[in-house]
Structures are given as structure tokens and as C-alpha cells.
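The structure appears below as C-alpha cells.
The values are calculated or read from the model by the stated rules, or taken from the named source; none is laboratory data. Just so you know, these numbers come straight off a predicted model, no measurement behind them. Cβ: placed from backbone, ideal geometry, glycine included. Neighbour counts: every protein chain shown. The area values use the complete protein model at the heavy-atom level, side chains included, leaving out ligands, DNA and RNA. Shrake-Rupley method; radii C 1.70, N 1.55, O 1.52, S 1.80 Å.
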Amino acid sequence: MHEENKAAANGYGKIRSGAQNGAALLALMEKTGYSMVQQNGQRKFGGPPPGWEGPPPPRGCEVFVGKIPRDMYEDELVPVFERAGKIYELRLMMEFSGKFIGVCVSLDNCRLFIGAIPKDKKKEEILSEMKKVTEGVVDVIVYPNATDKTKNRGFAFVEYESHRAAAMARRRLIPGTFQPWGHTIQVDWADPEKIVDEETMQRVKVLYVRNLMVSTTEDKIKAEFNKFKPGGVERVKKLRDYAFVHFFHREDAVAAMSVMNGKCIDGASIEVTLAKPVNKESSWKQHFNGQISPSSENLLGFPNKDDGTQKSLGKPASLAVRLNGQHSPGPPEVERSTYPIFPGMNLTPISMYSLKLNHFSSAVMHLDYFCHKNSWAPPEYCLYSTTSPDGKILLVYKVLISSIADDSQSYFMPEKLCTTVEDAKELAAQFTLLHL
């Protein structure tokens, strides 16, 4: 047996408080021929197993198992999992609790979100910097600023050759340990691209168009896409610097996509892809953990069910995923219950910024938290009013977001008015989060 296997097993035996446990692990390795090493807070059993030939299993072959009892180790886990098939690799984390396990498909994410990047840096500079300090970099995705196409948006996505490479890079890039260009960057998993089945995509007749100029109008977009086939465009919905172009027929949408991708409109080189349909439960409302009320949804004026399309690739990670680094199948519900304070309970003062995003239920709190995590100044709200024809006072907030890093400023104001200050502020925060 390799000496590293003996050292690993002996070390684990001590952690498990019993020499018999170390012996059990040694016996398992002797029986299976698998190796065992400790790396980065986890121990790896196998990878590859004895006699394995060819490349590792493709993406999608891994599952995540949580809530494993603390006193259960490889000698008990391996026989259980082997019932499902041959194990290529088992990685056991060093800290677990609970009595029942949970199993779900592992998100084999190979992409990191990098925030607080200087806006004057080009793709080549960011790619070079990431390659200096991390291994396995495949590509860097950078999007131009909505108002100034010579600058980036202050964030980028870094694609790695494997989930392992991305995970190692995430550890390496923990804020404070690496400061490219003298900046403290924000690092977390990017929101995995939404997977839509091929049958559904075959019915899509809506194009997603990004990198538009803010000044470009819906009429101009419609005219440009109608040049391919006059009258082929049903309607256009534009939001800031991206738009959805709806066609009457799918074949026209597919043909227009190949022709228009990379074309210039008002001086901006556009990117055109098929829009990915989303159902009601996985729509934009998930940015706020499902806490936006139906009335607010209507006020925002977003598309109806038959109009609901969204492009997930290239957008910053959803707030729950990006700020929490969670990899659950969906965003957790915010717990709104109250609990009694019992005598002897220890209440500790904390900062709201030390909490996770799922502790907040309002968009106003989400926006404040989001700005703090990106090292921006707190959002500023400017209240405006007007009078409706029937004499009601109607209100709207304009939100100012300032970047501490480069002193840039952005304003956001919804195109809807409210009758109360609270609703106006919440609506403005929702609108701002959706357009950042």
C-alpha cells in the first residue's frame, strides 16, 4: 500500500477518535485498490479507480449527497453507493451533521462570477490576469457597459476546463488574497445557464438581442430585423440595452439570428441568440426569492405568460446564487415566522451584512445588501410626485447607484407611479436590481 494511503487513513482514524476506524479505511483501500488522499479540506477516494482507462466521466455523472452523519465514513458509504454502479471518485467533506442524507444532481459548474473589476479593463487584460493566478482558464466573458461601450460593466465570467479547476480558482481568488490592479474583487459561482429541453427550443420564435445602445429604440430594432423579411417581426420588447424580438414564424427567427448576429445597430455590435423560455416559477421573480407580490409584478409591466422569455447566459448570477454561493435546485423561501424569546437565550449583536440574502424579504433590503457586497455606495433614493387626473398624489423614486471604485454613477427609475411611499420605494428597488 502507498505510504500516503496509510498516512491518510491513520490521520482520519484520529479524527474519528478510534484506531479501529483507521483500520477500517485501510482495509477498504486494500480490498478495492483505490487510493485515498486529503486535499483542500476534503478527502478523495479513487479518481480514477484501479484499471481505469480513458478520460474521466463526463459532466452530469456526479451527485451531491448532504447531511451525512458525522460518524459515517468511506468504509460504510462506499458499499452503499456501489449499489448504484461503479464509483469513479468519492470526495468526503470534513464537516457534516444530521441524521438523514439528501441526494440531488450535482451542479457541475465551471464558471465563476468576478465582480468589482475596473471598468476600463479589456477582455484580454482580464483573461491574462486570471491565467496568472488560476489554472485551467478556458475563456473570459465580458460585456460592455450599457452607456459607454468602451468600458466593461464591472464584472466578468471566467470559464474553466472543469468544475474542479473552477472550485480551486474560487478558493484562490477569495477576496483579500488576490487584488488585481489594486482592487479587491468579488468572487462567487456564476448562476448556471438554464437548460431547456431540445423539444421546447424547437418551438422558440423569439430572439434575445444584447449589447444594444441605450438610446436605440424599439422601432429601430424592429426596422433592422424586418430588413431580412419585411413584416416578419411581430413586436419588440426592449429593456435598457437588451431586447426580445418576437417573430410570427420560427423559421424567420432562426434565419434572422444567423444574419443579424454581429451586425451593428447605432454603432453597437449586437449579439443575437434564441431566447430561452421560462415558466412562471423560474422567471425574473426568483431574483427576489419569490417575495415580490403580484401587484408589484403588474406594476413593473413585465411580459405575460406567453411573452415570458429570458436569457440566463451572460447575466450576472441570480442574487441568491451569486451572493450566497449556494447550489440548491432553487432559491430558498424566506422564513417569515416569529418565535418566542425564552429565558436564558443568548442574543448577539450582528451586522445585517453578515447574514445571507435569504434573510431579507424586500427588494429595498436586497439592493442595499447587493451594493454593499459589490463595494458600492449605499443606494440613494430621490422621491418625485405628480397629480393624477382625479386628483390623487402619485409617487415615484429615482435610484442613484455609485461605484466607489471609479466614481461612476447610474440612475434607475421605473415607468410606473404608486400611491404610497412604501410601494414606490419597493418598486424602484425591484426595477434597479433587474437592470443592474
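Below is a table of values for the structure above.
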read-out	value
Sites LYS122 and ILE174 - FRET efficiency at Förster radius 22 Å, r taken between beta-carbons, to 0.05	0.30
Extension gain from HIS249 to GLN42, taking 0.36 nm per residue of separation minus the Cα-Cα distance	69.3 nm
Prolate/oblate/rounded label for region 111-189 (Cα gyration tensor, a/c 1.5)	prolate
Listed residue pairs exceeding 32 Å between alpha carbons, taken from LYS122/LYS229; LYS131/LYS238; LYS44/LYS132	LYS122/LYS229; LYS131/LYS238
Sites THR217 and VAL80, calculated FRET efficiency, Cβ-Cβ separation with R0 56 Å, nearest 0.05	0.40
Residues HIS359 and ALA23, FRET efficiency given R0 of 45 Å [Cβ-Cβ distance, rounded to 0.05]	0.50
Entries in LYS119/LYS263; LYS398/LYS425; LYS151/LYS425; LYS119/LYS425; LYS222/LYS263; LYS119/LYS149 that, when Cα-Cα distance is taken, lie over 18 Å	LYS119/LYS263; LYS151/LYS425; LYS119/LYS425
Where region 120-194 is the region considered: accessible area per residue in Å², 1.4 Å probe	50 Å²
Debye-sum result for region 355-434 in log10 I(q)/I(0), which assumes one identical scatterer on each alpha carbon, at q = 0.12, 0.21, 0.22 Å⁻¹	-0.37, -0.91, -0.97
Distance between modelled label sites at MET201 and ILE341, nm, 7 Å Cα→Cβ extension	5.4 nm
Whole-angstrom Cα spans of region 198-274 along principal axes, big to small	35, 24, 19
Loop-located chymotrypsin sites (Phe, Trp or Tyr not before Pro) in region 376-436 whose Cβ has at most 10 other Cβ within 10 Å (DSSP)	none
Normalised alpha carbon radius of gyration of region 117-238 [divisor 2.2 N^0.38 Å]	1.38
Virtual spin-label span in nm between LYS67 and ARG91, 7 Å along Cα→Cβ	2.3 nm
